[in-house]
């Protein structure tokens with residue numbers, strides 16, 4: 001860390017044991033990124049819940065290049081946060097997930113989800129076991145009746161728009177769809193120029 005760890009206590013006395021635990025958890029964060037610029041932790045005892053025990057809130061502000069990550073364990077859903085150690089653990093776990101996401105994004109390792117391939121049913125074999133889908137680029141993709149995942153093969157008609165997953169490698173008929181989903185009529189889009 002470029003600046004020293006800052007720990008503050010609100011509505012409670014400072015505790016060397018709690019402070020040591022926070023320092024340990026903050027040091028663990030550096031396993032995920034060596035570019036942490038600052039870390040501020042505030043531990044607060046909430047005195048509003050006297051009839052069920054006092055709850056602890058933990059807020060962590062972590063500075064990283066170009067961003068500030070915040071874990072704020074406000075309003076716990078259950079009374080597990082009557083234990084300050086549990087509140088600290090949960091706050092650091094939440095911050096760790098944010099930090100991991102931030103590091104992946106900065107390294108360009110976030111998953112890019114490709115849009116599923118679309119095409120139109122071009123031909124259905126009269127025997128009723130297979131057909132071909134025409135892709136927007138003109139490619140013909142073979143599919144078998146068992147590849148139809150939604151609806152039924154018998155419901156397909158020539159011209160229906162479908163979403164498909166093309167299997168890796170080629171079958172005897174060339175490119176082959178491993179999964180075919182009929183796109184609802186309200187989603188029909190003409191993909192030809």
(request) Quickly work out the residue 12-to-residue 61 label distance, labels modelled 7 Å from Cα along the C-beta direction, and quote it in nm with one decimal. (result) 2.0
(message) With N set to the number of residues, divide the alpha-carbon radius of gyration of segment 6-106 by 2.2 N^0.38 Å and report two decimals.
(response) 1.09
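Read-outs throughout are calculated quantities, based only on the coordinates presented, and are distinct from any laboratory measurement. Computed from a predicted model, the values in this text were never measured in an experiment. Cβ: placed from backbone, ideal geometry, glycine included. Neighbour counts: every protein chain shown.
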